[in-house]
Amino acid sequence: MNLQDIENLYQYDVWATNRTIDMVTPLTQEQFAKNLNSSHGGVRGTLTHIYAADWIWFERWKGNSPTSLIQESDFPTLASLKEKWEGHFTEIGGFIKSLSDKKLLEPWSYKDIKGNPHAEPLAHQMQHKVNHSSYHRGQIVTMVRQLGLKAQSTDLINYYRLQQKQP
């Protein structure tokens, strides 16, 4: 994995997250907050979990080791969550621009929420973060269908296909 691969992966992640937000925008506030008994409740809980994981990994890459995740109650509306994500994407874009192929291969140390120390190559951590988001975006697709809306694909291959079509 090199810097170009990471840049592409993170551009995909931004695209897929924005596509997911667009997909759930037609939900009523009640549908957005409804507990659908998924692993993180419903749409709001799952989106919050994705954002919280994005946030905690980025904090770790900045040298911090938070001891708790952001809570669903911190985002009463989709708009409040979307606003946080926009700032996060700007910050992480700057972070990626500061990296090199060499830095991606270096182990980055952090502590998990329980205080256990870990260290893996930064590239592995960054791949994990995007993979984690993809997994939970798939759950949101199922919830959107359960709520009677049409789901949109956020598959990586579809992102690549769209990129090929753009001049």
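Rounded to whole numbers, the Karplus 3J(HN,Hα) couplings from phi for the stretch 9-22 are 4, 6, 5, 4, 4, 5, 4, 5, 5, 5, 5, 5, 4, 4 Hz, using 6.51 cos²θ - 1.76 cosθ + 1.60 with θ = phi - 60°, and x at Gly and Pro. In plain terms, the bigger the Kirkwood radius, the slower the diffusion; for the stretch 113-167, with that radius from Cα pairs, at 37 °C and 0.692 mPa s, Stokes-Einstein puts D at 235 µm²/s.
Stretched out straight at 0.36 nm per residue, the stretch from GLN11 to ASP101 would grow longer than its current Cα-Cα span by 30.7 nm.
As an exercise, take the mean of 1/r over every pair of distinct alpha carbons in the chain, invert it, and state the Kirkwood radius in angstroms.
On the way: mean 1/r = 0.0597 Å⁻¹.
Averaging 1/r across every pair of different Cα atoms and inverting gives 16.7 Å.
Between TRP108 and residues 5 or more places away or on another chain, which pairs have amide H atoms under 5 Å apart, with H built 1.01 Å from N, and which residues are they? Excluding prolines and chain starts, which carry no amide H, the hits are GLU120, LEU122.
Partners of LYS84 within straight-line reach, counting aspartates and glutamates whose Cα lies under 14 Å from its Cα and excluding those fewer than 8 residues away in the same chain: ASP54, GLU72, ASP74. Of TRP57, TRP15, TRP85, the order by accessible heavy-atom surface (1.4 Å probe, DNA, RNA and ligands excluded), from most exposed downward, is TRP15, TRP57, TRP85.
Given R₀ = 30 Å, FRET efficiency for GLU91-ARG161 by Cβ-Cβ distance, to 0.05?
With R0 = 30 Å, the Cβ-Cβ based efficiency is 0.60.
Taking θ as phi - 60° and the Karplus parameters 6.51, -1.76 and 1.60, the scalar couplings of the stretch 79-92 work out to 4, 5, 6, 4, 4, 4, 5, 4, x, 4, 4, 5, 5, 5 Hz in sequence order, x denoting glycine and proline. For the chain, the longest principal axis of the C-alpha atoms and the axis of helix 156-165 are separated by about 90°. List, in the order given, every pair from LYS34/LYS114; LYS34/LYS150; LYS62/LYS165; LYS97/LYS129; LYS103/LYS165; LYS62/LYS129 whose Cα-Cα distance in the structure shown is over 24 Å. In this structure, LYS34/LYS114; LYS62/LYS165; LYS103/LYS165 lie more than 24 Å apart at Cα. Treating r as the C-beta distance of SER153 and SER65 and R0 as 22 Å, the FRET efficiency rounds to 0.05.
Whole number please: convex hull volume per residue, Cα atoms of the stretch 1-93, in Å³.
Dividing the Cα hull volume of the stretch 1-93 by its residues yields 108 Å³.
Dividing the summed -39500 (n - 2.57) terms of all DSSP H runs of n ≥ 4 by the residue count of the chain sets its mean residue ellipticity at 222 nm at -21000 deg cm²/dmol.
The string of couplings for the stretch 56-71 from the Karplus curve (6.51, -1.76, 1.60, θ = phi - 60°) is 5, 5, 5, 4, 4, 5, 8, x, 9, 10, x, 9, 7, 8, 5, 9 Hz, one whole number per residue in order, with x for Gly and Pro. Could you work out the local net charge near GLU120, counting Lys and Arg as +1, Asp and Glu as -1, over the other residues with Cβ closer than 15 Å to its Cβ? Local net charge: +2. Taking label positions 7 Å along the Cα-Cβ direction at both HIS128 and ASP74, the computed distance is 1.9 nm, reported to one decimal.
The values are calculated or read from the model by the stated rules, or taken from the named source; none is laboratory data. As the structure is a prediction and not an experimental result, all values here were calculated from the model. Every residue, glycine among them, receives a Cβ derived from its backbone with ideal geometry; neighbour counts consider all protein chains shown. For accessibility, only protein heavy atoms count, side chains too; no ligands or nucleic acids. Shrake-Rupley method; radii C 1.70, N 1.55, O 1.52, S 1.80 Å.
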